[in-house]
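The values are calculated or read from the model by the stated rules, or taken from the named source; none is laboratory data. This is a predicted model, so every value here is computed, not measured. Please note: Cβ atoms are built from the backbone with ideal geometry, for glycine as well, and neighbour counts cover all protein chains shown. Each accessible area value is taken on the protein alone, full model and side chains, heavy atoms only, with ligands, DNA and RNA left out. Shrake-Rupley method; radii C 1.70, N 1.55, O 1.52, S 1.80 Å.
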Amino acid sequence: MRSSLHSLLTFLDVSRVVFRRIKLNFVWASMYNVVCIPIAAGILYPAVDRGLPPVVAGLLMIASSLTVMVSSLSLKLYREPKY
């Protein structure tokens, strides 16, 4: 850590990028849950006369978690802004 104003500006930029990523992950997870929880609960059962197999539900849960995790790991690509 350097004691300069550039470090402070970098820290502020990192905090903005991280907070933006948190909001994106929250929106993604919320939309996913709004769509997939009713499907897992059986809302399609009357229409197609079949339920969602537990294996498929588990795979969809894993896919959601992986998406959020990969999105968060993309923060490693952060580059310090040039001032």
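Quick notes on this structure:
- The residue that is farthest from the chain's Cα centre (by Cα), counting only those in the stretch 23-38 that are free of Cβ contacts under 8 Å to residues at least 40 places away in the same chain and either over 18 Å from Met69 (Cα atoms) or surrounded by 12 or more Cβ atoms within 10 Å (Cβ to Cβ) (or both), is Pro38.
- Restricting attention to the stretch 45-62, the residues that are surrounded by fewer than 12 Cβ atoms within 10 Å (Cβ to Cβ) and hydrophobic (A, V, I, L, M, F, W, C) add up to 5.
- Subset of the stretch 63-79 (residues that are of a type outside the set (A, V, I, L, M) and open to solvent by 90 Å² or more (accessible area, probe 1.4 Å)): Lys76, Arg79
- Every pair of residues 6+ apart whose Cβ atoms lie under 6 Å, when the first sits in the stretch 39-66 and is on the phi < 0 side of the Ramachandran plot while the second is among the aromatic types (Phe, Trp, Tyr) and not in a helix (DSSP H, G or I): none
- No other residue among Tyr45, Tyr78, Tyr83 is at pLDDT 90 or above, of a type outside the set (A, V, I, L, M) and more than 16 Å from the chain's Cα centre (by Cα) apart from Tyr78.
- Residue in the stretch 53-60 that is modelled with pLDDT of 90 or more and out of contact with any Leu (no Cβ under 6 Å at 6 or more places or on another chain) present: yes
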